[in-house]
Amino acid sequence: MMINRVLFYNSGGGIGDAIQMLPLINTLKYELKNTKFYYLSAHENHFNSTLKELNNEIETLDLKIKYFGFRWWHALIVKKKFKKQNIESFDLILDLQSKIRNALILKTIPHKNFISTCFNFKLSKPNLNIKKENKIDKTILKAVNTLLEKNYQFCEYNINKIHKKFHLESEKLLPQKNYIGLSITQGNVYRKKEWPLENVVKISNKLLESNKTPVFFIDRKNMQLKNKISELLPNALFPEHASKLSCPALVACLGKRLDFAISIDNGVMHMLSLSKVPMITLFGPTDSEKFAPKYKNLIILDSKKLYNTKNVSAITVEDVLEAAKRHLSFSY
């Protein structure tokens, strides 16, 4: 089967949603070397903007339809858009989300093959008999292997693809050892995922007692929170506020300078995961099986599993310290 044009559709608007798709995109770009790859999202293509420095660019399919897939009327104008913009059909469309409405609208895009997990792959063309995995990228790759009769294996993102200047900057910002990263702010304001600041301060003080330096990953726009933490923890570091190169690529490289990190479910968690830094992740309302990175030395503390509640604040300081002590050779 000839695959010359592939379209990825991701309805999620967050940077973390895009980073989660990196292994799948990276794998297919490696295996299908002569294929052109396009990205369609309900929001912006982060790979060509915020995540551009990861050097994993993929062409944007710009239909000039805002929030594509979230309005039924989009299905009525897709073919007109293709004809007006003289866009070729796709050999393969990969639906990286699970909303039935979005999948049905996406399917109106001219194509030869279509893979979607919706209705247990009943919307796919051709129909596929695939057992779903916890991670949608694993499920999609399994479906691609079935369709193409291949056995592609994931090619994880190589952090060395990031320009050397970001690696050098991370060494300049964190030149010593015994750094512990902390990411406590959420990107999605509609889900209460933040852990109480008082808990973060208690953790940080314990780290300082053990000669560990707390390193906070806080956007430079959030000066109010940065200043508040600085008052409470004068020895804390804020590397993104000390660099002109502040961006996700720098955060990923800074991850290599840490002993380990503690993060809620947010974009920074996924940025740091690119460095495979040992990490403790705190989950509440979101699905840890679906959204947590997967690699060695990553510990998931999920309030739903620990305390049968979606309230991430139920996770205690002691829970986090015990995880750090037990799994990461950290003593307190």
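The values are calculated or read from the model by the stated rules, or taken from the named source; none is laboratory data. As the structure is a prediction and not an experimental result, all values here were calculated from the model. Here Cβ is always computed from backbone atoms with ideal geometry, including for glycine, and neighbour counts include all displayed protein chains. Each accessible area value is taken on the protein alone, full model and side chains, heavy atoms only, with ligands, DNA and RNA left out. Shrake-Rupley method; radii C 1.70, N 1.55, O 1.52, S 1.80 Å.
Of all the listed residues (L207, L232, L250), the sole one being touching a residue at least 12 places away in the same chain (Cβ under 8 Å) and either among the basic types (K, R) or in contact with a Phe, Trp or Tyr (Cβ under 7 Å, 6 or more places away or on another chain) (or both) is L250. Pairs linking a residue in segment 96-108 that is within 16 Å of V6 (Cβ to Cβ) and charged (D, E, K, R) to a residue that is in a loop (DSSP other than H, G, I, E, B) and open to solvent by less than 10 Å² (accessible area, probe 1.4 Å), with Cβ atoms under 8 Å and 6 or more positions apart or on different chains, are K107/S116. As for segment 37-58, it holds no residue that is surrounded by fewer than 18 Cβ atoms within 10 Å (Cβ to Cβ) and more than 21 Å from M21 (Cβ to Cβ).
The sole residue among L298, L321, L272 that is surrounded by 24 or more Cβ atoms within 10 Å (Cβ to Cβ) and of a type outside the set (K, R) is L272. A search for C-beta distances below 7 Å between a residue of segment 1-19 that is at negative phi and acidic (D, E) and any residue that is in a strand (DSSP E or B) and buried (at least 23 other Cβ atoms within 10 Å of the Cβ), counting only pairs 6+ apart in sequence or on different chains, returns D17/N10. Taken together, the criteria exclude L282 from residues that are assigned to a loop (DSSP other than H, G, I, E, B), in contact with an Asp or Glu (Cβ under 8 Å, 6 or more places away or on another chain) and hydrophobic (A, V, I, L, M, F, W, C). Only a single criterion out of (1) open to solvent by less than 10 Å² (accessible area, probe 1.4 Å); (2) more than 30 Å from A252 (Cα to Cα); (3) within 22 Å of the chain's Cα centre (by Cα); (4) of a type outside the set (K, R) is not satisfied by F114, namely (3).
Show me the helices (runs of 4 or more DSSP H) entirely contained within segment 118-200 in which 1 or more residues are touching a residue at least 60 places away in the same chain (Cβ under 8 Å) and within 23 Å of N235 (Cα to Cα).
By residue number, 164-173.
Just so you know, in segment 188-198 the residues that are open to solvent by less than 70 Å² (accessible area, probe 1.4 Å) and at pLDDT below 85 include one that is nearest to L250 (Cα to Cα), and it is N188. For segment 199-221, the set of residues classified as open to solvent by less than 30 Å² (accessible area, probe 1.4 Å) and either over 19 Å from M269 (Cα atoms) or in contact with a helix residue (DSSP H, G or I) (Cβ under 7 Å, 6 or more places away or on another chain) (or both) consists of N199, V201, I203, L207, P214, V215, F216, F217, I218, listed by residue number. In segment 5-34, what residues are among the polar types (S, T, N, Q), open to solvent by 20 Å² or more (accessible area, probe 1.4 Å) and part of a loop (DSSP other than H, G, I, E, B)? Matches in segment 5-34: N34 only. State whether the residues of segment 259-274 include one that is touching a residue at least 24 places away in the same chain (Cβ under 8 Å), of a type in the set (S, T, N, Q) and not in a loop (DSSP other than H, G, I, E, B). Yes, segment 259-274 contains a residue that is touching a residue at least 24 places away in the same chain (Cβ under 8 Å), of a type in the set (S, T, N, Q) and not in a loop (DSSP other than H, G, I, E, B).
Restricting segment 118-167 to residues that are in contact with an Asp or Glu (Cβ under 6 Å, 6 or more places away or on another chain) and of a type in the set (S, T, N, Q), the residue that is farthest from T27 (Cα to Cα) is N134.
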